[in-house]
Amino acid sequence: MVHLEENILKNYDLTILAKKIKEVRKNRKISQLDLSIEANIDRKTISRIENGINEPSFSTLYKISYILNHDFIKDYLNSSLKDYLIFNETFEKIIDKVENKLPFDDEEKIIIYLKDFTDIEFIKTSCKQVILFLKSMNEDLSKSEEREILIKALNSFTNKYDNFKIQSFSIFELRILMDIGMTYANIDNKKYLDLLNFVYDNTNKDSSLYPIISINLASAYIIVEDYDKCPEIINDAISYFLIRNKIPNPILYFTRALYKRLKNMDYKEDYDKAILIASLAKNYNLINKFEQAKSYYEKYNT
């Protein structure tokens, strides 16, 4: 959502974007003045953008998108660029399959093709970032090798890893930063928790990343034997699914069961839920892991 070339869009009806910005701002109950102060943009400029008079730069759109938690650059590009539409559709499929541990079809090939043939520098760099992200998932890599690739992916547009606490990140970049944090588990647990807590604190609770970072942060606290924060993190993530009438990620119940076992509480109900949900999804990899863990704990806790 950042670092787009300023001159790549032509013949875009600014009133469409203007109405969308005004609508989202009002829905968020943020005044033009408050938005101008937080974004460090003149209030008159905000007003002219919302009236379709001024064409915003991408740096301005990025600031407004970040503050209002809505991707206006995506709105801008969707109406104009076929390559972006192809990238966005393929990218979403990749992330969905990564999170659900499903095999790819042709998604990676499409991203590579788009990288090689698009004339749009932003799309080309975004494709390179995704390719690096996928490369980092190679199970033959050491943790340090994985981390090196992920940092390179995070820094695709500009150096964000150094002094990360003062940077702004897209959801995907937060996802990459989370994975960087995971490489520090049992190596540098302070860095591990520092990175995961940063991602957790900067992830909107409506984001699809929220339950994922919740799982990983709760697991991190279990690893360092700091259990007190786990229940709230896990329960909030389960609520993320329930309020949307969706079945929670089974790993949440698995993690809560692990927490309960370590606290000498009854954990079997949560293990059974984890196995049931994984079975409904036919996720046999998770089913095997959950059943093995359940058998192990039943064997040594009877």
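The values are calculated or read from the model by the stated rules, or taken from the named source; none is laboratory data. Quick caveat, the model's predicted, so the values are computed rather than measured. Neighbour counts are summed over all protein chains in view; Cβ atoms, including those assigned to glycine, are modelled from backbone coordinates with ideal geometry.
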* Can you name the residue in the stretch 187-205 that is buried (at least 21 other Cβ atoms within 10 Å of the Cβ) and of a type in the set (A, V, I, L, M) and is also farthest from Lys143 (Cα to Cα) among such residues? -> Val199
* Failed item in (1) under 19 Å from the mean Cα position of the chain (by Cα); (2) modelled with pLDDT under 95, with Ala153 passing the rest -> (2)
* Using the structure shown, decide if Asp272 is farther than 21 Å from Leu195 by Cβ, surrounded by 14 or more Cβ atoms within 10 Å (Cβ to Cβ) and not hydrophobic (A, V, I, L, M, F, W, C). => yes
* Asked: Is it fair to say Ile49 is of a type outside the set (D, E, K, R), surrounded by fewer than 19 Cβ atoms within 10 Å (Cβ to Cβ) and part of a helix (DSSP H, G or I)?
  -> no
* To do: Test Asn100 against the criterion of being surrounded by fewer than 18 Cβ atoms within 10 Å (Cβ to Cβ) and in contact (Cβ under 8 Å) with a residue 24 or more places away in the chain, and give yes or no.
  => yes
* Out of all the residues in the stretch 203-212, is one or more outside the structural domain of Lys273 (by TED's automatic domain parsing), among the hydrophobic types (A, V, I, L, M, F, W, C) and farther than 20 Å from Ile171 by Cβ? -> no
* Asked: Which number in (1) surrounded by 15 or more Cβ atoms within 10 Å (Cβ to Cβ); (2) closer than 17 Å to Lys101 by Cβ; (3) more than 21 Å from the chain's Cα centre (by Cα) marks the one condition that Asn249 misses?
  -> (3)
* **Test result for Glu50, under 28 Å from Ile86 (Cα atoms) and either acidic (Asp, Glu) or in contact with a Pro (Cβ under 6 Å, 6 or more places away or on another chain) (or both)** => no
* **Boolean, Leu68 is out of contact with any strand residue (DSSP E or B) (no Cβ under 7 Å at 6 or more places or on another chain), assigned by TED's automatic domain parsing to the domain that holds Lys29, among the hydrophobic types (A, V, I, L, M, F, W, C) and free of Cβ contacts under 8 Å to residues at least 60 places away in the same chain** => yes
* Residue in the stretch 33-44 that is among the basic types (Lys, Arg) and either closer than 30 Å to Pro211 by Cα or within 25 Å of the chain's Cα centre (by Cα) (or both) present -> no
* Which residue, of Ser126, Ser144, Ser156, is of a type in the set (Gly, Ala, Ser) and outside any helix (DSSP H, G or I)? -> Ser156
* Asked: Any residue in the stretch 170-182 that is touching a residue at least 40 places away in the same chain (Cβ under 8 Å) and either among the charged types (D, E, K, R) or within 19 Å of Ala218 (Cβ to Cβ) (or both)?
  -> yes
